[in-house]
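Below: one structure, written as structure tokens.
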Amino acid sequence: MNQALVQDVVAEVMKRLDERRSSRFGGGGVRAGEDAPANDEKMRERHAPTLPIGQHGIFSDVNQAVDAATEAQKKLVKLSLDDRDAIVKLVKRMAKDNAQSWGKIELDETKIGRLDHKIEKLQILELVPGVEFLKTAADSGSNGLCLHEFAPFGVIGIITPVTHSIPTLTANVINMVASGNAIVANPHPSGANCAALATREYNKAIAAKFGIDHLVTCIVPPTLETADAIFNHRGIPLLVVTGGPAVARAALGAKKRAIVAGPGNPPVVVDETACLKNAAESIVKGAAYDNNLLCIGEKQVFCVESVFDKLMQQMERAGAFILNSRQIDELTKKAFRVDPKGIPHVNKDLVGRDASVLAEAAGARVPPATQLLIGETDAKHLFVQEEQMMPFVPFVRVRSAEEAMDLALQSEHGYRHTAIIHSRNLDNITKFGRMANVTVFVANGASPAGLGLGGQGYLSYSIATPTGEGITTPLTFTRYRRVMITGSLRMI
Ligand code: NAD
């Protein structure tokens, strides 16, 4: 991406985040009185470390963690690439082997999402790319040989979200260790214990087999103070932040390079040419995944009026339950609190909860296996405009595909994260893809197809949006280096 474009995107997103930062974080970047790292004392009390400090990557002090990770990184780069590959494969295998127990531990700690998907998100980490992405390119000519190589940064500071605590940590480990880096992690406080557990297990296994401890370090308990210490530590040349508006904003304002995997609010457009059965099944699949915690998950649908009722029928057939307008009003009252300044705040108690819990809040009774609630709203509705991460998806009736696209993009708020379209009209797909200019664009599939699940491509849980790196890979965490051997080694 060219520099001017990156700056434009960053400026636009900073503006958006400024305008909208309070929607989920109580105006100051956190939900008041909740688990966000606003009050360091409270955090320390609530998240007392359960693992021994100083052992196998668990640290309470950022300086100590950086020192330990720095030593580990020096040892890592002395290993062969085959050994690095073996470490990455070990981490992938551990995530898969422990998926059942770690998935449950993560759900018990975070209390959001679904067990089946918590487990699956760990099993599919094998789709995250590793050492194979580091391919040295070469040019040879009259003037000699030029190598294009990808070198590590050193120690990378990472911030991870509560929505996928162990998966994001692990995907970052796979990518970053593959490219020769060590890590200092500040996980979300509400998912810190499970992240620390995985950190310890990875280090124990890596130390036993390769003699390197503390390749991944995790700060326990993570606080705003420790995040700040990571942001400002001279031993950390690169930040990688995965999270919502407040942390994205903080990282975009940091004094060092930051790769920012920020928030989204993915809209879906359904036009009159769409296969409605496929559209409905895809929307259920994507939006119900982990109770709509995925940042790429379908959050609101804009459907042309000529097929709107038929789409709703297909949605019911696909397993969604339709709330009436009274029930939607009830749910909205409980899902959002609007403060005296008119700023909405999402009720954390309903984020990532089962559809049956939302139905109860709406005063509706649904079959226990119901995965997703839906209902008709207008385009200005809070459920349309806010990234609410609940298994309720609002459907907006529009006159034309053009109107659907316009409203869809308004609801995406310029995050340039993810957008989805269901259409057999190539012109509409092309037009929306160009207009949306998002990082992940899916046509005629469920949103997870954009991460290689039911689509082509590879997986990562950090999708760099405002800073433009896209779905991260080991190459994202490398420094380009040119090696030029002048006047020799041209063999032809
Ligand atoms: P969150 O923003 O509450 O927390 C994310 C991380 O940032 C946590 O570790 C938190 O402790 C930390 N944090 C929050 N405010 C901070 C600040 N001011 N300074 C330093 N650290 C701070 O988000 P969440 O609820 O954990 O995750 C959901 C959000 O993350 C959604 O907005 C979702 O779209 C986004 N997300 C994006 C991606 C992506 O790849 N783009 C992936 C997953 C989640």
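Read-outs throughout are calculated quantities, based only on the coordinates presented, and are distinct from any laboratory measurement. Just so we're clear, the structure is a prediction, and the values are computed from it rather than from any experiment. Note that each Cβ is placed from the backbone with ideal geometry, even for glycine, and that neighbours are counted across all protein chains shown.
Below is a table of values for the structure above.
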read-out: Residue order, fewest to most surrounding Cβ atoms within 10 angstrom, among VAL366, VAL88; value: VAL366, VAL88
read-out: Share antiparallel - DSSP beta bridges, segment 267-455, percent rounded to 5; value: 10
read-out: Long-range amide H partners of CYS218 with built H, under 5 Å; value: ILE58, PHE59, ALA185
read-out: Distance in nm between pseudo-label sites at SER60 and ASP329 (7 Å out along the Cβ direction from Cα); value: 5.2
read-out: In Hz, Karplus ³J(HN,Hα) per residue of segment 315-332 (6.51, -1.76, 1.60; θ = phi - 60°; x = Gly, Pro); value: 4, 4, 4, 7, x, 7, 10, 8, 8, 7, 5, 5, 5, 5, 4, 4, 4, 4
read-out: Span per principal axis, largest first, for the Cα atoms of the chain (Å); value: 70, 61, 42
read-out: Built amide H within the under 5 Å cut-off of PHE336, gap 5+; value: ASN347
read-out: Between helix 276-288 and the chain: long-axis angle, C-alpha atoms, 0 to 90°, nearest 10; value: 60
read-out: Counting DSSP beta bridges with both ends in the chain, the antiparallel % (nearest 5); value: 30
read-out: Radius 14 Å from Cβ of GLU305, net charge of other residues (Lys, Arg +1; Asp, Glu -1); value: -4
read-out: Unsatisfied cross-links (Cα-Cα over 29 Å) in the set LYS118/LYS299; LYS89/LYS348; LYS89/LYS135; LYS380/LYS431; value: LYS89/LYS348
read-out: Ranking of SER460, SER356, SER142, SER325 by count of other Cβ atoms within 10 Å, fewest first; value: SER142, SER325, SER356, SER460
read-out: Ranking of CYS146, CYS194 by count of other Cβ atoms within 10 Å, fewest first; value: CYS146, CYS194
read-out: Among SER447, MET94, PRO394 - extreme Cα towards positive end, dipole of the chain, charges at beta-carbon; value: MET94
read-out: Protection-proxy order for peptides 428-435, 245-252, each taking the mean of Cβ atoms within 10 Å per residue, highest first; value: 245-252, 428-435
read-out: Whole-Hz ³J(HN,Hα) from phi, Karplus 6.51 cos²θ - 1.76 cosθ + 1.60, for segment 433-443, glycine and proline x; value: x, 5, 4, 5, 6, 8, 6, 10, 10, 10, 10
read-out: Cα-based convex hull, segment 267-455, per residue volume (Å³, whole number); value: 106
read-out: In order through segment 236-243: 3J(HN,Hα) via Karplus (6.51 cos²θ - 1.76 cosθ + 1.60), integer Hz, x for Gly, Pro; value: 10, x, 9, 10, 10, 10, 10, x
read-out: For ALA182, residues with placed amide H under 5 Å, excluding near neighbours; value: GLY154, VAL155, ILE156
read-out: Nearest-20 debye value, segment 267-455 charge dipole, Cβ charges on Lys, Arg, Asp, Glu; value: 200
read-out: Cα centroid separation - segment 286-326 against segment 181-221, whole Å; value: 38
read-out: Anchor LYS104: aspartates and glutamates whose Cα lies under 15 Å away (excluding residues fewer than 8 positions away in-chain); value: ASP116, GLU120, ASP290
